[in-house]
Amino acid sequence: MNDIDKSKQSISKPIQILLITFGTFFVGVGIAGIFIPVLPTTPFLLISAALYARSSTRFYNWLINNRIFGKFIKDYREGKGIPLRLKIITIILLWITIGCSAVFAVDILWVRILLVVIAVGVTIHIITIKPIKKFKL
């Protein structure tokens, strides 16, 4: 019996359904983050993976074996890192989208400052993730 199956034994059916529901919600938010500049994708997918791991082997396996983002989740959760090229692209896109949002979409100074602080925090986090040399889709 694997760790996912063991952890599922200790929760009730209503809690399991609730965790699957929230996991699915966060997958949706993560996917929306692909298209909405200020909304991050990976943290929501990681939350989904954690919720699914606790509640459903089937949903967890579907998420981590997804051909689009499954490898990123597996590598991140296993501490393997992300490709250097992806780190660079992510940081560049982060600053372009946050910068455009702060300059063109927001008129309130404290919100602009908050956006920059968030961008700095995310940048620091991405930089501290161990880079991997090669990545294959």
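Reported count of residues in the range 74-104, each being in a loop (DSSP other than H, G, I, E, B), on the phi < 0 side of the Ramachandran plot and not basic (Lys, Arg), is 1. Under the condition of being among the acidic types (Asp, Glu) and buried (at least 16 other Cβ atoms within 10 Å of the Cβ), the residues counted in the range 70-86 number 1. The C-beta contact set for the range 91-107 (first residue farther than 17 Å from ILE34 by Cβ, second residue assigned to a helix (DSSP H, G or I), distance under 7 angstrom, 6+ apart or interchain) comprises TRP95/ALA119; ALA102/ARG112; ALA102/LEU115; ALA102/VAL116; VAL106/ARG112; VAL106/LEU115. Whether any residue in the range 58-73 is at pLDDT below 85, over 24 Å from ILE132 (Cβ atoms) and not in a helix (DSSP H, G or I) is what I want to check. Checking the range 58-73: not a single residue is at pLDDT below 85, over 24 Å from ILE132 (Cβ atoms) and not in a helix (DSSP H, G or I). Would a scan of the range 59-69 turn up a residue that is out of contact with any strand residue (DSSP E or B) (no Cβ under 6 Å at 6 or more places or on another chain), surrounded by fewer than 16 Cβ atoms within 10 Å (Cβ to Cβ), among the hydroxyl-bearing types (Ser, Thr, Tyr) and over 16 Å from ILE126 (Cβ atoms)? Checked the range 59-69: no residue is out of contact with any strand residue (DSSP E or B) (no Cβ under 6 Å at 6 or more places or on another chain), surrounded by fewer than 16 Cβ atoms within 10 Å (Cβ to Cβ), among the hydroxyl-bearing types (Ser, Thr, Tyr) and over 16 Å from ILE126 (Cβ atoms).
Is it the case, given these coordinates, that ILE126 is assigned by TED's automatic domain parsing to the domain that holds THR21, of a type in the set (A, V, I, L, M), under 20 Å from PHE35 (Cα atoms) and out of contact with any strand residue (DSSP E or B) (no Cβ under 7 Å at 6 or more places or on another chain)?
No; evaluated as a whole, the condition is false for this residue.
For the range 9-48, the tally of residues that are small (Gly, Ala, Ser), part of a helix (DSSP H, G or I) and at pLDDT below 90 stands at 3. Per the conditions (1) of a type in the set (D, E, K, R); (2) more than 22 Å from PHE44 (Cβ to Cβ); (3) not in a loop (DSSP other than H, G, I, E, B), the sole criterion not satisfied by ASP107 is (3).
The values are calculated or read from the model by the stated rules, or taken from the named source; none is laboratory data. Just so we're clear, the structure is a prediction, and the values are computed from it rather than from any experiment. Cβ: placed from backbone, ideal geometry, glycine included. Neighbour counts: every protein chain shown.
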